[in-house]
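We did not get these values from a lab; they are worked out from the coordinates using the rules stated. Just so you know, these numbers come straight off a predicted model, no measurement behind them. Note that each Cβ is placed from the backbone with ideal geometry, even for glycine, and that neighbours are counted across all protein chains shown.
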Protein chains: 2
Amino acid sequence: MANYVLNNDTIAALATPHGAGAIAVIRLSGKDAIAITESVFFTKSLKPKALADKPSHTAHFGLIAEKEVVIDEVLVTIFKAPKTYTGEEIVEISCHGSVFIQQQILQVLFKHGARPAQPGEFTLRAFLNGKLDLSQAEAVADLIASNSATSHQVAMQHMRGGFSNKIAVLRENLLNFASLIELELDFSEEDVEFADRTDLKKLINTILAIIEKLIASFEVGNVIKNGIPVAIVGKPNAGKSTLLNVLLEDDRAIVSDIPGTTRDTIEDELIIDGVMFRFIDTAGIRTTTDVIEQIGVNKAFEVIKKSAIIIYLFDTHELSRGDLQLEMDVIKDHIGNSQLLVVGNKIDFENLDELKQEFGDVPNILFISAKEQRGIKELKDTLVNLFDTRTVNTTDTIVTNSRHVSSLNNAQAALIKVNEGLSSNIQSDFLALDIRYALEALGEITGQVTNDDLLGNIFSKFCIGK
Amino acid sequence: MANYVLNNDTIAALATPHGAGAIAVIRLSGKDAIAITESVFFTKSLKPKALADKPSHTAHFGLIAEKEVVIDEVLVTIFKAPKTYTGEEIVEISCHGSVFIQQQILQVLFKHGARPAQPGEFTLRAFLNGKLDLSQAEAVADLIASNSATSHQVAMQHMRGGFSNKIAVLRENLLNFASLIELELDFSEEDVEFADRTDLKKLINTILAIIEKLIASFEVGNVIKNGIPVAIVGKPNAGKSTLLNVLLEDDRAIVSDIPGTTRDTIEDELIIDGVMFRFIDTAGIRTTTDVIEQIGVNKAFEVIKKSAIIIYLFDTHELSRGDLQLEMDVIKDHIGNSQLLVVGNKIDFENLDELKQEFGDVPNILFISAKEQRGIKELKDTLVNLFDTRTVNTTDTIVTNSRHVSSLNNAQAALIKVNEGLSSNIQSDFLALDIRYALEALGEITGQVTNDDLLGNIFSKFCIGK
C-alpha cells in the first residue's frame, strides 16, 4: 500500500486458512463488491443472477462461471454499507474448499475489477471508516493468534473496546484542560487562569496513576500473550527431557479429543488450565556442586533471568540434601524475581516419606516420577498456582502490546513534565505543549493520532483476508 | 457411524481448513441447529438473540458466549429446511480464525446438544435426504481434491449430475423392459410375450455400447484425476533432475503470483495448461548401450509400463545416433501403449542444426538445454499435445472413479448374459434375473441400490465438515 488514505477500489482475498477443506470463503470489500460478483454469478441454468436488488445480510445460491465454464456452485452472502465489517459493501463467497477453485474464483474476480487485498487491508478499511479504533484493530490480530483462554480473553476485551474506552476517558479529561489552557494563551496579555491549577494537578496525578498501572500490567500482559517462560534446569541425567515429553504428550491428548481440531504443535508450548507456559530450552546448562563450568553458563543464566518460573529438576538418587543446597546457592544468585520450584525426580514411592523428611525444609519442593508419570498433575497445578499469585484478574485492563506501552511511557514522561511545570508555576504555553505531547501519545494508541509508518507497521503484520 | 439410517440429531464441525486464518466457519445441521445456536448467541449487551423467527438465508451479527464469557463476535447465517445443502436446518457460524476460538465454539455447541460430525456426514445427510445421489456425493469429494483444470471440470460435471443423468437414463430404459418381463412371469402359464425381444436386444446393445465407452473413458478419467504418469528415463548424467527442477520451479512461480494462495507442493506433480502430469521417479533406471544391468531394471521397466508418456533424456555430447538407436531398441520392447518422447539435452545452440541433421530421423525428438532453460516451453507444449491426442473432450462423460468402473463392469457382464439368453431363447425368469443384476449394478453407482459397507467406504474418505 503506497499510503493509507481510503481507497475507492474493491479488494478481494481468501479469508479462510490456506489449504483444502470442506469450504473456503472469499471476501470482497469496496463500492463495486456486489457489481463485480454479479458479473460472474449465475443461476443453475447459467442465467445472470442479480444481487444488488437483494436485501443486506442475505445468502444466495448460484454458480460462479466465466464464459459459460462453471467454476463452482457457491453461496454468496451480501452485506450492504455501512453496516458491515469494513463499512463498505462486502460480499462473501462460500465455495468448495479446493485450492484450485479458490484460485480460479479469485482470478475471475480480479479479471472483473477487484484487486488483491493487502495484508490486513479489510481491517485497515474498517479503521479508516471509523468502524473500530487502532487498538481494537490490533486486538483483531491478537484474537486470531490467541491460543489460550487468558490470551483470548484479553484480546477479546481489547477488541470489544475495553482498553480503548479507558484511554479515551483519560484523553477526554486531559483534552478539557488542554482547551482551557489554550484559551489562556489567547488571552495571555490579560493574565487570566481559566484552568484551575489544583484541579489540573489532581487530574494529572489520577491519570499518571492509571497509566502506571497499565504500564505495570504489561509484564503480565506480555506473559499472557507469549506464554509464561519456564526454564527447566538440572543436571543432564536429571530427566529433564522425559519430564518435558510427559508434559507435552499429555497436552496433545487433551487437544486431540476435540474432533475436527488439530493444532500446529509447537513443541515447547503447553497450555494448562487455559494458561500458556513456554518452556525455554536450557540444553547446555550445567551446574556442578563445586565448580560452575564456564562454557554455556552465561547463556544458561540469561535463560534463567528471562524466565518467570524456574524448575530445578534433580535425581533423588544422586543428590543428597547437602548437594542440593550447594546447587541452590549457586542458582539463587541468578534468579532475580523469578519463582523457583524444586522438583525431585525418579522417586521410589516406598521411600517417599523418607525423601519428604530429608528434603522437607526446602521451600516449594515437589516429588515426581517423570518416567512413571506420577506427580505430574501436582506439578501442573503448582505451575498454574504460581502464575495466579503473580497475575491480576483478566477483567482488569491488561496491556499486551509493546507499541501501547511505548506510547504510555511517552504520555507518562510528558505528564510528569506537566506536573513539574505546575509545581514551578511554569508558563501556560509550556504547559500546553507538554499536555499536547501527552494527548498525542495517548491518541497514538487508539489511532486518533496516526501516520503512514505506524499504520504500515501494524497492518503489514496481519494476514491477507483480514 | 453405526449405520446409515438418517439420524435425528444435530451435528457440528469446522468446515474450513484447519489452522489459523482471518475467519473460520463452523457448520451445524439437524433439526435443533438453530435452537442450539440460539442458546449461545447474544447481542452486544449479552441479551439472548433470537434466530428462529428470522427468514432463511439471512446473516446475523452477535456474540457467542457461555455464562457471560464472550468467546467471539460472530456472524451467524441460518438456512431453513428443506432448501439447504443437507435438506435439514443448517447454521453457519463465521468466527475469527483462531484455533482456540474454533475449539471453544465447538465445545459450547457440543455442550448444548450438538454432536461432532463424522467425516462426510453433511454430504451423507444430503444423500439420505435425496439432495444429491451417490455419484454426485463422490464428486463433491473429488471437487475438493481437484487441483487441475481438467480434474476440476470432470468433477464439476459429475457433481452437477452429468454422469448421474446418463446412468439414470440407461437404468430407466432397462427398468421398463424389466417390468414387462416380470409381468410375463406373472402370466407364465399363458406363454405371452409382453416384452418385444427384438426391441430388447436393440436396447441391450445400445446400453452395452454406452457402458463400453464409459469403461474405456476411465483410462483417461484416472489420468485426469491422478495426473498423467510421465517417466523421465535416461543415464545418470543425462540431466534428469535438472530438467525436473526446471519444470517444477517454473510451476511454483506460476502458482505464487496469485496473492493469498499457497499450495502444498508435491514435488513431482506439475500442472501445465490445466493438465496434471505426475512424474515418476526412475532413479536407478540404467540402460547401457550393450548390457542392461539387472539390478533395478525390472522395477524401472515396471515404471515405464505404468507411464503414459516416457521422456528418454540423453546427453547430446555423449550419445551418437548409433548409441541412441541401441538404447531405443532396448526401451521400445517395454513401452507398450505409452508414448515415447526423445529429448536431447545439453545442446550447444550453435550446433543445433548439426544435431537436427544427425538425429532428424528419430520420431518425436526435441532438443533442450535444461541448465540454460532453453527448449523447456516446447517440451511442455509437446507434453500437453501428447495428452490431447489421447484424450476426449472433457464435456464427454468421463468415469474417474474405480468404484463406478467396477459397477459398470458388473452391469456389462450381466447384460452380455442377457444378450446370450436372448439369442438362445432362454426362459423369462433367467432373463429377468440378469436384467435385475444389471439394474442393481447401475443403481449402485447413483445410490438407488446401496448398503452400509458401501456408504461407510465412500463417506469415511471425506473430510470432517463436508
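Using only helices, what value at 222 nm comes out for the protein assembly as shown when you add -39,500 (n - 2.57) per DSSP H run of length 4 or more and divide by the total residues, to the nearest 500 deg cm²/dmol?
It comes out at -15500 deg cm²/dmol, rounded to the nearest 500.
Students often get this wrong: which residues of segment A:181-196 have the backbone nitrogen under 16 Å from the point 7 angstrom along Cα-to-C-beta of residue A:424?
Backbone N within reach: none found.
What FRET efficiency do you get for residue B:188 and residue B:416 if R0 is 30 Å and r is their Cβ-Cβ distance, rounded to the nearest 0.05?
0.75
Over segment B:348-466, what per residue volume does the convex hull of the Cα atoms give, in whole Å³?
Taking only Cα atoms, segment B:348-466 has a hull volume of 215 Å³ per residue.
What dipole magnitude, in Debye to the nearest 20, does chain B give about its Cα centre under +1 on Lys/Arg Cβ and -1 on Asp/Glu Cβ?
I would put it at about 1620 debye.
Once R0 is set to 41 Å, what does the formula 1/(1 + (r/R0)^6) return for the Cβ-Cβ distance between residue A:306 and residue B:65, expressed as a FRET efficiency to the nearest 0.05?
Computed FRET efficiency for residue A:306 and residue B:65: 0.70.
What span do the alpha-carbon atoms of the protein assembly as shown cover on each of the three principal axes, reported in whole Å from largest to smallest?
117, 75, 70
How much length would be gained if the chain were fully extended between residue A:226 and residue A:45, taking 0.36 nm per residue of separation minus their Cα-Cα distance, in nm to one decimal?
So the chain would gain 59.9 nm between residue A:226 and residue A:45.
Note down the relative contact order for chain A as a percent, whole number, built from C-alpha pairs under 8 angstrom at least six residues apart.
18
Tell me, what does the Kirkwood hydrodynamic radius of segment B:20-91 come to in angstroms if you use every pair of distinct C-alpha atoms?
Final number for the Kirkwood radius of segment B:20-91 is 12.5 Å.
Taking the Cα centre of the protein assembly as shown as origin, sum charge times position over the Cβ atoms of Lys and Arg (+1) and Asp and Glu (-1), and report the length of that vector in debye to the nearest 20.
Computed about the Cα centre, the dipole is about 1220 debye.
Translational diffusion coefficient, Stokes-Einstein: compute it for segment B:11-131 using the Kirkwood radius over C-alpha pairs as Rh, at 4 °C and 1.567 mPa s, and state it as an integer in µm² s⁻¹.
Answer, rounded: 91 µm²/s.
To the nearest 20 debye, what charge dipole does segment A:11-131 have about its Cα centre, counting +1 at the Cβ of each Lys and Arg and -1 at the Cβ of each Asp and Glu?
Value, rounded to 20: 200 debye.
For segment A:38-143, which trypsin sites (Lys or Arg not before Pro) are both in a DSSP coil and crowded by at most 14 other Cβ atoms within 10 Å?
A:44, A:67, A:83
Roughly how many Å is it from the Cα centre of segment A:339-383 to that of segment A:441-459, as a whole number?
Centre-to-centre distance over Cα atoms comes out at 50 Å.
Residue by residue through A:150-158, how many Cβ atoms from other chains fall within 10 Å of the Cβ on average?
Averaged over the peptide's residues, the number is 3.
Between residue A:198 and residue B:209, how many nm apart are label points set 7 Å from Cα along the C-beta direction?
10.9
Using a 7 Å offset from Cα along the direction of the beta-carbon, what are the separations from residue B:429 to the same position in each other copy, nm, ascending?
Shortest to longest, the spacings are 11.8 nm.
Can you give the FRET efficiency to the nearest 0.05 for residue A:326 and residue A:402, using r as the Cβ-Cβ distance and R₀ = 41 Å?
0.55
Run through all the Cα pairs of chain A and give the fraction in each 20 Å bin from 0, expressed as whole percent.
20, 37, 32, 11, 0
Have a look at the DSSP beta bridges in chain A and tell me what percent are antiparallel, nearest 5.
If I count the DSSP bridges inside chain A, around 60 percent turn out antiparallel.
Which distances, in nm and shortest first, link the residue B:452 label point to the same label point in every other copy, taking 7 Å along Cα→Cβ?
Between copies, matching label points for residue B:452 lie 6.8 nm apart.
Computed on alpha carbon atoms, what radius of gyration and Dmax characterise segment A:58-209, expressed in Å?
For segment A:58-209, the Cα-based Rg and Dmax read 24.6, 80 Å.
Take segment B:79-141, compute every pairwise Cα distance, and split them into 10 Å bins from 0; I just need the percent in each bin.
20, 41, 32, 7
Given the protein assembly as shown, what percent of its DSSP beta bridges are antiparallel, to the nearest 5?
60
Report the net charge of residues surrounding residue B:319, where surrounding means a beta-carbon distance below 12 angstrom and charges are Lys +1, Arg +1, Asp -1, Glu -1.
That works out to -2.
What distance in nm separates the simple spin-label points at residue B:172 and residue A:448, each placed 7 Å from Cα in the Cβ direction?
7.1
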